[in-house]
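Inspection log for the structure reproduced underneath, given as structure tokens.
We did not get these values from a lab; they are worked out from the coordinates using the rules stated. As the structure is a prediction and not an experimental result, all values here were calculated from the model. Here the Cβ positions follow ideal geometry from the backbone for every residue, glycine too, while neighbour counts run over all protein chains shown.
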Amino acid sequence: MKAVKATLLYDGLGNLKKNIYIVFDKEIKKITKEKPKDAEIIAEGVVTPAFIDGHSHIGMERYGEPYQEGEANEQMDSVLPLVDALYSIYMDDKAFKHSIEFGVLYSSVLPGSGNIIGGRAVLIKNYGRDIEDAFMKYVGVKAAFGYNPRSTKEWKGTRPSTRMGAIGILLNWLIKTQKTIALLEKGKKEPEEIEPTVEALIPVLKGEEPLRVHVHKEDDIAALLMIKRKFGLKITIEHAGDVHSKETFEKIKKENVPLIYGPFDSLPYKVELKHEDWKNAKYLIEVKPLFGLMSDHPVTLQANLYLQLRHFIRLGMSKEEAIKIITHNNAKILGVDDILGSIEKGKWASLVVWNGDPFHMESYPTHVFAEGKLIHEWEV
């Protein structure tokens, strides 16, 4: 058995504790004020849960490779639910090593936003040896509203030139899938008669898999929520970078839709981000929908994910609540809060020991544990 002493513990649930011992092997066995007699204390410092990136393209857009070799978007058609992000990840991307060194151990990796339906999103372990070892679970199907899918007119397949055109293509496939489900339920179609693209969308129409939708502007979010209600979809909103009113976040909360927000600190390079401002996060803090945070790596580096939390703190959020955004909240949205996202008995011993408070500029991780194994120890 191993143990770390937390001089300060951010537990991931919004609590702050002092002088706590965490005893673990692969899982956390106990959390106690008493110095354990049956475990070796191998590190001491400020402790946080391992960080989880709610939305990234890590391993698809890679360090040291020209942009032409990037694999975030497949250009062969605009509706591609069978495309799987896992198969365009290279685990030898140096970004994974950098992320681990700064406590980010888990990544939700999605296809890009050039397509109306871009493919399946996957949750991986950043410390996996290869993609089979790294794979944890599928976490939805990527879709995109707004400028990005209509900016790809030169790509192959049926492409929109307007936002209404993009939504029209999406509706065509949702209606086609909805009708197919009805025919299957009536026994008028056999499963082997269904074309693979429609078959891949059936779990989305049944609400078994979330549609994870790239969307920035308030009107596009309103359109998405209307479609969500019409088809009974399970969705997450990804980005919401142009939302600059309390009312839209209130609407999202009322619909009980999770939000993976961000990224902060990136260039608002297009018109649909003209209202982007870090101060918009004050509305999130006031309204309190369920939200996590993304790096959108490589848009912002995943290793710097925790640095984005400074904006929430500046706007009045406590440090312990800020840590929760990239631990418990992202774990809950991604459906892994039973094993990750907080320091609790029975959860994976994936935790980070810091030489000081993570929110101090001079602080850094000294020890990083993944499922109880020490995978990074600071050396000059």
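Summary of packing: across the peptides 342-352, 158-168, 197-207, the per-residue average of other C-beta atoms within 10 Å ranks them, highest first, as 342-352, 197-207, 158-168. Sorting the segments 230-242, 247-259, 140-152 by their mean number of nearby beta carbons within 10 angstrom, highest to lowest, gives 140-152, 230-242, 247-259.
Measuring r between the beta carbons of Q68 and K18 and using R0 = 51 Å, the FRET efficiency lands at 0.50.
With the simple spin-label model, which puts each label point 7 Å out from Cα in the Cβ direction, the I175 to D219 separation comes to 2.2 nm. The distance linking segment 270-327 with segment 49-118 is 20 Å (Cα centroid to Cα centroid, whole angstrom). The phi-based Karplus calculation (6.51 cos²θ - 1.76 cosθ + 1.60; θ = phi - 60°) puts the 3J(HN,Hα) values of segment 213-219 at 10, 5, 7, 10, 8, 4, 5 Hz, whole numbers, x for Gly and Pro. Only helices enter this figure: runs of n ≥ 4 DSSP H residues, each worth -39500 (n - 2.57), summed and divided by the residues of the chain, yield -7000 deg cm²/dmol at 222 nm to the nearest 500. Note on K186: lysines with a C-alpha under 18 Å away, same-chain residues under 8 apart excluded, are K176, K206. Summing Cβ point charges (Lys, Arg +1; Asp, Glu -1) relative to the Cα centre of the chain gives a dipole of roughly 1260 debye. If a/c stays under 1.5 just call it rounded; otherwise compare a/b with b/c (prolate if a/b is bigger, oblate if not). Do that for segment 259-323, with a ≥ b ≥ c from the square roots of the Cα gyration tensor eigenvalues. Oblate. Sparsely packed loop sites in segment 18-87 (the trypsin sites (Lys or Arg not before Pro) outside DSSP H, G, I, E and B with at most 13 other Cβ atoms within 10 Å) comprise K26, K33, K37. Dipole of segment 259-380 computed with +1 at Lys/Arg Cβ and -1 at Asp/Glu Cβ about the Cα centre; of I325, N304, F369, farthest Cα towards the positive end is I325. Taking the charge dipole of the chain about its Cα centre, with +1 at Lys and Arg Cβ atoms and -1 at Asp and Glu Cβ atoms, the residue from L225, S113, F51 reaching farthest to the positive side is L225. Using C-alpha pairs under 8 Å with a sequence gap of at least 6, the mean separation divided by the residue count of the chain gives a relative contact order of 21 percent.
Within the listed set D38, D84, D219, the residue fluctuating most in the Gaussian network model of the chain (springs between alpha-carbon atoms under 10 angstrom) is D38. Rounded if a/c is under 1.5, else prolate if a/b is larger than b/c, else oblate: which is the chain, with a ≥ b ≥ c the root eigenvalues of its Cα gyration tensor? Judged from the Cα gyration tensor, the chain comes out prolate (a/c at least 1.5, a/b above b/c). Only Lys, Arg, Asp and Glu carry charge here, each on its Cβ (+1 for the first two, -1 for the last two); on that basis segment 189-258 has a dipole of about 480 debye about its Cα centre. Length gained on full extension, D265 to K189, computed as 0.36 nm times the residue gap minus the Cα-Cα distance: 22.3 nm. Size descriptors for segment 38-182: radius of gyration and Dmax over Cα atoms are 18.5, 66 Å. The order of the peptides 357-365, 41-49 by mean Cβ neighbours within 10 Å, most packed first, is 41-49, 357-365. Each Lys and Arg adds +1 at its Cβ and each Asp and Glu adds -1 at its Cβ; summed about the Cα centre, segment 274-354 shows a dipole of about 200 debye.
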